[in-house]
Amino acid sequence: PFLDLIDAFEKDQRVTRYETFAQVLDYCRRSADPVGRIVLHMCGYHDEPRQKLSDLTCSALQLANFWQDVRRDLLERERIYLPAESLREFAVTEEQIRTGTVTPGFKAMVKREVERTARMFDQGAALLPTLAPVYRKQIALFGQGGRAVLAAIRRQDYDTLTRRPRLSRWQKGRLIAGTLAAYLAGVGRRNAGPVPEASAGRPA
């Protein structure tokens, strides 16, 4: 996973446009998925089925960030992660993104990407029941944060050009508070005694 991350960093120096959604996903495989796999390894999980479910959530997180920062990525980094095939399909130009000109075609394009990303979060959520309770809530925060970003995009009617969708302080606080509560509950369970291997859901 560390080599994949380095490859993604190097690719950022060479590639600024992507022709297809499959190419964008391949970038996510290198830039985002390794983070989830490293987290799973730290929790003691090394099996491929769990890693593939984690990949879905991590790629979806990266995509949600792309759809959130469409204009900023172009203005500040000269990068466009929306597939060129989608731009053509919905008659969206780079100049339109650069100037922040929102059209019904742009909104329809972002809506499709948001819904496609939401389905990936749904599929990746199947990982959570396979994890020990002590890790489940913390790892669930990844998906919850990404879904919150998608919800913010929906609230703006898929206009991510004139204003960057953001999570409110209340929303961030709620996510953090939920994770802290889960951590404290996990500490309580550990102090109460060891969790049997089978009930913890850890790999054999």
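The values are calculated or read from the model by the stated rules, or taken from the named source; none is laboratory data. All values reported here derive from a predicted model rather than from experimental measurement. Backbone-built Cβ (ideal geometry, glycine too); neighbour counts: all protein chains shown. Quick note on the areas: whole protein, heavy atoms, side chains included, nothing else; ligands and nucleic acids left out. Shrake-Rupley method; radii C 1.70, N 1.55, O 1.52, S 1.80 Å.
Summary table below
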| read-out | value |
| --- | --- |
| Computed magnitude of the charge dipole of region 62-144 (debye, nearest 20; Cβ of K, R +1, Cβ of D, E -1) | 300 |
| VAL114, VAL15, ranked by accessible area, largest first (probe 1.4 Å) | VAL15, VAL114 |
| Region 104-165: relative contact order as a whole-number percent, Cα under 8 Å and 6+ apart | 43 |
| Global geometry of region 1-140, whether rounded, prolate or oblate, following the gyration tensor of its Cα atoms and the 1.5 cut on a/c | prolate |
| In Å², nearest 10: area of MET42 left accessible to a 1.4 Å probe | 150 |
